[in-house]
Amino acid sequence: MVLKTFGWSFAVTALGLVAAVLYGGWTAFGIVAILSVLEISLSFDNAVVNAGILKKMSAFWQKIFLTIGVLIAVFGMRLVFPVVIVAISAKIGPIEAIDLSFNDEERYEQLVTDAHPSIAAFGGMFLLMIFLDFIFEDRDIKWLGWLERPLAKLGKIDMLSVCIALIVLLVSAMTFATQAHQHDGHADKAATVLLSGVAGLITYLIVGGLSGYFENRLEEDEEREHEAEEEAKKSGKQVPAIQMVGKAAFFMFLYLEVLDASFSFDGVIGAFAITNKIVLMALGLGIGAMYVRSLTVYLVRQGTLDDYVYLEHGAHYAIGALAMILLVTIQYQISEIITGLVGVVLIAWSFWSSVRRNRALAAAGGDNSDEKQEVTSGV
C-alpha cells in the first residue's frame, strides 16, 4: 500500500536529488533535501484538508489530482509562479524574468521579496476564509467544544466570515500603510495589499461557491439513496458512498488546486531564505509537493479521517494560523520554522485527541455521545 501510493514520490525524490548533484554538487543536494522537508512540514495540513475533499471524488478524479494536479503544483506553483510574480512586480517580460533568475539571482530574489506583501495578502485572505467558514459551521463532532459551540452560534449570522475577513484585511493594510509611510514615504503600497487581499477573497467566494453548490447537489443525491443504503447495511452488504463526477468533480478539483496554490505561497517565499537558485528551488519544492499529493491519497485510501475525527479540525486550525502568519508577514518577518511547527503541533494535538477519543469509546462499548467526545478530546 505504501509503495503503491508513494512510489512516484520516491522515484521523483531519487531523480531530483541526482539532478541536484549533477547541477551543483553535494551542496545542491543538501539544499534540495532541506527544501523538500520544508515543503512537507508546511503543507501537511494541506494534505489533511485535501483528503477530506478528495475522498468524495471518484477514482478517476483522484488520478487526475495525482497527474495533472501534480504538474500544476510542481511546475505551475513551484517553477512558473516565482517567475510570474517577478515579471508582474518588475513590469518585465517572462523571458527576461527567467534570465534574471539565472544570471542575476540577487536582483531576482529582491523582486520576489518586494512582491511578498501582495502574495501574502492574497493567500492569507483565501486561507482565512477557509478557516472562518469551518469554525462558524455547526458540526456534530466538536474538538474544542468550549470554543466551537459559541462560534457555531455566531455562525448563524449571514456573511459573518466575509465581514471578519475584510476587517482583518483592512487592519493589515492600514498597519502596512503606516509602517511604509514611516520608512520610505510610500503609503500607497497599502492599496496593492488591499487589492490583492480582495482578489483572494473574491477567488475564494467564486471557486468555493461553485464547489459548494455542486457538493450540495451531491448531498441531495445521497439523501435520496439513504434508505437503500440503510437497508443494505441491515442485510450485511457493503454500499459504496456516492462520489463526485462531472461538473461537481471538476469544480472540486479546481478548488483543490487554488487551495494548494494558497498553501504554496509561504513555501515559495520561505525557500528564498535558503536559496535563490530557481532550479534548486523547483527541485526541492517539487519533491515536497509530490509527497503532499501522495499523503493526501494515502489518507483517503486508509480512511484515516474517519478513524481520527479531530484531524480535520486540527488541519483547519493550522490553516487559520497560517493565514494569520501570512498576513503578519506583510510587515514583519517570521521564521519558516515557526510556521511549520505551528501546523505540526496543531495536527499532532488533534491526532492525539482522536486517539484518546477512540480509546474512550472502545472502553465504553462504542457509545458515541457528545459528552464522551468532549471528555476524550480533553475539553
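The values are calculated or read from the model by the stated rules, or taken from the named source; none is laboratory data. Bear in mind that the values here come from a model prediction, so they are computed numbers and not experimental data. Glycine gets a Cβ as well: all are built from the backbone with ideal geometry, and neighbour counts include every protein chain shown. In case anyone asks, the SASA skips ligands and DNA or RNA and just uses the protein heavy atoms, side chains included. Shrake-Rupley method; radii C 1.70, N 1.55, O 1.52, S 1.80 Å.
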| When residues of segment 314-338 are limited to those that are more than 13 Å from the chain's Cα centre (by Cα) and of a type in the set (Val, Ile, Thr), the one nearest to ALA177 (Cα to Cα) | ILE330
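Let's see how each residue does on (1) over 30 Å from LYS4 (Cβ atoms); (2) hydrophobic (A, V, I, L, M, F, W, C); (3) modelled with pLDDT of 80 or more:
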{"position": "MET281", "(1), (2), (3)": "no, yes, yes"}
{"position": "GLY284", "(1), (2), (3)": "no, no, yes"}
{"position": "TYR298", "(1), (2), (3)": "no, no, yes"}
{"position": "MET324", "(1), (2), (3)": "yes, yes, yes"}
{"position": "TYR332", "(1), (2), (3)": "yes, no, yes"}
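If we scan segment 117-131, do we find a residue that is without any contact (Cβ under 8 Å) to a residue 40 or more places away in the chain and farther than 30 Å from ARG301 by Cα?
Let us first name the residues in segment 117-131 that are without any contact (Cβ under 8 Å) to a residue 40 or more places away in the chain, namely none.
Checked segment 117-131: no residue is without any contact (Cβ under 8 Å) to a residue 40 or more places away in the chain and farther than 30 Å from ARG301 by Cα.
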| query | Applying the selection to segment 300-311, what residues are surrounded by fewer than 24 Cβ atoms within 10 Å (Cβ to Cβ) and either part of a helix (DSSP H, G or I) or of a type in the set (A, V, I, L, M) (or both)? | reply | VAL300, ARG301, GLN302, THR304, LEU305, ASP306, ASP307, VAL309
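Condition first: among the aliphatic types (A, V, I, L, M), farther than 18 Å from ALA199 by Cα and surrounded by 21 or more Cβ atoms within 10 Å (Cβ to Cβ). Can you find one or more residues in segment 88-96 that meet it?
Within segment 88-96, the subset among the aliphatic types (A, V, I, L, M) is 88, 90, 92, 95.
Cutting the leftovers down to farther than 18 Å from ALA199 by Cα gives us 90, 92, 95.
Filter once more, keeping what is surrounded by 21 or more Cβ atoms within 10 Å (Cβ to Cβ): none.
Looking through segment 88-96, none of the residues is among the aliphatic types (A, V, I, L, M), farther than 18 Å from ALA199 by Cα and surrounded by 21 or more Cβ atoms within 10 Å (Cβ to Cβ).
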| field | Only one of ASP133, ASP99, ASP158 that is at pLDDT below 85, open to solvent by 40 Å² or more (accessible area, probe 1.4 Å) and either more than 29 Å from LEU256 (Cβ to Cβ) or touching a helix residue (DSSP H, G or I) at 6+ places or on another chain (Cβ under 9 Å) (or both) | value | ASP99
| loosely packed, with under 15 Cβ neighbours inside 10 Å, closer than 20 Å to ALA261 by Cβ, polar (S, T, N, Q) and modelled with pLDDT of 75 or more - does that describe any residue in segment 64-84? | yes
